[in-house]
Amino acid sequence: MQATQLLLEEPIRLASILEPSSPTAFSALTKIIGTLGPHSRDVETIEALLMAGMSVARFDFSWGDDAYHQETLENLKKAVKNTRRLCAVMLDTVGPELYVSNKNEHAIELQEGATLVLTGDKSVDASAEVLPINYEGLATVVKKGDTIFLGQYLFTGSETTSVWLEVVEAKGKDVVCTVKNTATLTGSLFTAHVSQVRIDLPTLSEADLNVMATWGVRNQVDFISLSYTRHADDVRACRAHLDKLGDLRQTQIFAKIENYEGLAHFDEILEEADGIILSRGNLGIDLPPEKVFLFQKVALHKCNVAGKASIVTRVVDSMVDSPRPTRAEATDVANAVLDGTDGIMLGAETLRGLYPVETITTIRKISAEAEKVFNQAVYFKRTIKGVKEPMQHLESIASSAVRAATKVRASVIVVFTSSGRCARLIAKYRPTMPVLCVVIPRLTTNHLRWSFTGAFQARQCLAIRGLFPMLADPRHSSDSASTTNESILKVALDHGKAAGIVKAHDRIVVCQKVGDSSVVKIIELD
Ligand SMILES: Nc1ncnc2c1ncn2[C@@H]1O[C@H](COP(=O)(O)OP(=O)(O)O)[C@@H](O)[C@H]1O
Ligand SMILES: C=C(OP(=O)(O)O)C(=O)O
Ligand SMILES: [K+]
Ligand SMILES: [Mg+2]
């Protein structure tokens, strides 16, 4: 990795720090992914989340059943309709997750120094002496001295409801541990994490395969968040499954890197996946704390070079019960943006936190400020340098569009696309202005019926920094005749005007095909 500073080099006037930022919907290019749950599932709250800037909703199947998530999704659809803000849907799998269920939901008090048994016998009731875990094989994979972390589902780290255990011995189906800190476990579900130990469970469980085939197909999910991706084969297996599920062959896979094993195979995983989720909650337990920042910087750099989406998780844990983040958290969000992330994902903060809407607003405002001082010139040079020559024609066109837009100070870039490929290539160069992606539907057939592509491709732009999609009328379907292009461009610009990002006399850079050639043109509005 080159030692380049992605913060503007020119002196930033300290007084400018106090200037207020403009509050448009496009005020942040960085995308915000919110997990929906008990505190964020009624129509009104979801509307507020969308207005605040959430563009992808995540449904975590580690918790809740089909009907519960369906009800939330129906509310999301109503909110999208009412607010006219687009939102993509992400299905998050359970994967080889270890958990303890506490059916009676009574609080479990654990004392430092006490002995606690984790048992593979699921019929046992949870108590301060023994906890049933969903993995019979645990005793065969751990050894004396290993660390196990146990906490509330989506633990935030600022709670006193999680515990560290040290393995003393494994006996039959039991793992005998010493409690390392006094804690009270509350709730019905505790997630367990065994540091740097391979869990011999499939990355896609039977339940996951089933949820994709039912809930996933029914709702045409845009993204799979593939929990605990450990090998490129995990992504390939997920792809093969989706390819069999009709329209879900268009669904993108974001591999979630949440343990040491996934980190060790990062390069191969990145090659197969459409995007990467840096699952810092779990990875932050697997890695020593002093290494977490380094993983973030290296992984984001690799995603940027590959032109693939990246998402950073677990940024403002303290906002679960506080309306303001800590200064460390606020700085962390800005640094993720300066490190080049596409999006920020919220978990407990939106799912069960007291301030879901304030959380999204806070992330949007911090991201927008960081984007203002993001050193795009250095980033652009570094990115161009990283591409082997001869460059693919389309990438050359896309990077030229970004350069032209910077040089003429364009207010937006408009890109015509069907597959989304050209839009993603433009985003790769991280333009400082919004990119309006005009997604042109294309007619396809699976030999049984004809249908239009476009809806998936448009919504998938909602996870990529800087991209703002709109779906063109299918009557214009993939005909790049100049009259059609002109009328679509007019619709796009009207959309930009209505959103307040395009004004009279603005310069606009347009990337489209004219006849058989891709062209970049600069237009000046009257
Ligand atoms: N319907 C269209 N009309 C005009 N230009 C288009 C259209 N679809 C794609 N383009 C342009 O074609 C080039 C290839 O874009 P890409 O996103 O890869 O499209 P495709 O969907 O064909 O893969 C880009 O310059 C893009 O702007
Ligand atoms: C997002 C994370 O995990 P989960 O999907 O369990 O919330 C994480 O570990 O950062
Ligand atoms: K999950
Ligand atoms: Mg999880």
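The values are calculated or read from the model by the stated rules, or taken from the named source; none is laboratory data. Keep in mind the model is a prediction, meaning the values are calculated, not measured. Virtual Cβ from ideal backbone geometry, glycine too; neighbours counted across all protein chains shown. The area values use the complete protein model at the heavy-atom level, side chains included, leaving out ligands, DNA and RNA. Shrake-Rupley method; radii C 1.70, N 1.55, O 1.52, S 1.80 Å.
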Query raised in the report: How many of the residues making up the stretch 268-308 are more than 13 Å from ALA255 (Cβ to Cβ) and within 16 Å of ligand 1 (Cβ to nearest atom)?
Result: 1
Report summary line: Considering the stretch 221-237, residues that are within 15 Å of ASP60 (Cα to Cα) and either open to solvent by 20 Å² or more (accessible area, probe 1.4 Å) or away from ligand 4 (no atom under 16 Å from the Cβ) (or both), and then whichever is nearest to the chain's Cα centre (by Cα), we arrive at ASP222
Requested in this report: Please work out which residue is farthest from the chain's Cα centre (by Cα), limiting yourself to the stretch 260-283 and to residues that are among the small types (Gly, Ala, Ser) and open to solvent by less than 30 Å² (accessible area, probe 1.4 Å).
Outcome: GLY262
Query raised in the report: Can you find a residue in the stretch 170-182 that is touching a helix residue (DSSP H, G or I) at 6+ places or on another chain (Cβ under 6 Å), outside any loop (DSSP other than H, G, I, E, B) and of a type in the set (Val, Ile, Thr)?
Result: yes
Query - Test: THR251 is at pLDDT 95 or above and within 16 Å of ligand 4 (Cβ to nearest atom) - result: no
Requested in this report: Go through the stretch 133-150 and count every residue that is within 16 Å of SER195 (Cα to Cα) and in a loop (DSSP other than H, G, I, E, B).
Outcome: 7
Query raised in the report: Residues in the stretch 438-454: is at least one in contact with a Lys or Arg (Cβ under 8 Å, 6 or more places away or on another chain), crowded, with 17+ Cβ neighbours inside 10 Å and either under 22 Å from GLY343 (Cβ atoms) or of a type outside the set (Ser, Thr, Tyr) (or both)?
Result: yes
Query - Identity of the residue in the stretch 323-366, within 22 Å of ALA377 (Cα to Cα) and among the charged types (D, E, K, R), that ends up surrounded by the fewest Cβ atoms within 10 Å (Cβ to Cβ) - result: ASP339
Query - In the stretch 151-164, the residues that are of a type outside the set (Phe, Trp, Tyr), assigned to a loop (DSSP other than H, G, I, E, B) and within 13 Å of ligand 4 (Cβ to nearest atom) - result: LEU154
Requested in this report: Select from the stretch 192-220 the residues that are open to solvent by less than 30 Å² (accessible area, probe 1.4 Å), hydrophobic (A, V, I, L, M, F, W, C) and assigned to a loop (DSSP other than H, G, I, E, B) and list them in ascending order.
Outcome: VAL197, ILE199, LEU204
Query raised in the report: Inside the stretch 455-500, can you point out the residues that are among the β-branched types (Val, Ile, Thr) and either buried (at least 16 other Cβ atoms within 10 Å of the Cβ) or modelled with pLDDT of 85 or more (or both)?
Result: ILE464, THR484, ILE488, VAL491
Report summary line: The residue that is nearest to VAL163 (Cα to Cα), considering only those in the stretch 87-132 that are more than 16 Å from ligand 4 (Cβ to nearest atom), outside any loop (DSSP other than H, G, I, E, B) and open to solvent by 50 Å² or more (accessible area, probe 1.4 Å), is GLU109
Report task. Mind listing whichever residues of the stretch 266-311 are within 16 Å of ligand 4 (Cβ to nearest atom) and over 17 Å from GLN196 (Cα atoms)? Result -> ILE276, ILE277, ILE311
Query raised in the report: Just one of LEU154, LEU165, LEU189, LEU204 is within 16 Å of ligand 2 (Cβ to nearest atom), in contact with a Lys or Arg (Cβ under 9 Å, 6 or more places away or on another chain) and either at pLDDT 95 or above or not assigned by TED's automatic domain parsing to the domain that holds ASP274 (or both); which is it?
Result: LEU154
**Report entry** Filtered residue count, the stretch 59-102, keeping only those that are over 20 Å from the mean Cα position of the chain (by Cα), in contact (Cβ under 8 Å) with a residue 24 or more places away in the chain and under 28 Å from CYS437 (Cβ atoms)
**Finding:** 5
**Report entry** Residue check for LYS122: more than 25 Å from ARG280 (Cβ to Cβ), outside the structural domain of GLY281 (by TED's automatic domain parsing) and out of contact with any strand residue (DSSP E or B) (no Cβ under 6 Å at 6 or more places or on another chain)
**Finding:** no
Query raised in the report: Does any residue in the stretch 245-258 that is in contact (Cβ under 8 Å) with a residue 40 or more places away in the chain come within less than 6 Å, Cβ to Cβ, of a residue that is within 16 Å of ligand 1 (Cβ to nearest atom) six or more places away or on a different chain, and which pairs are these?
Result: GLN250/PHE456; GLN252/ASP274; GLN252/GLN460
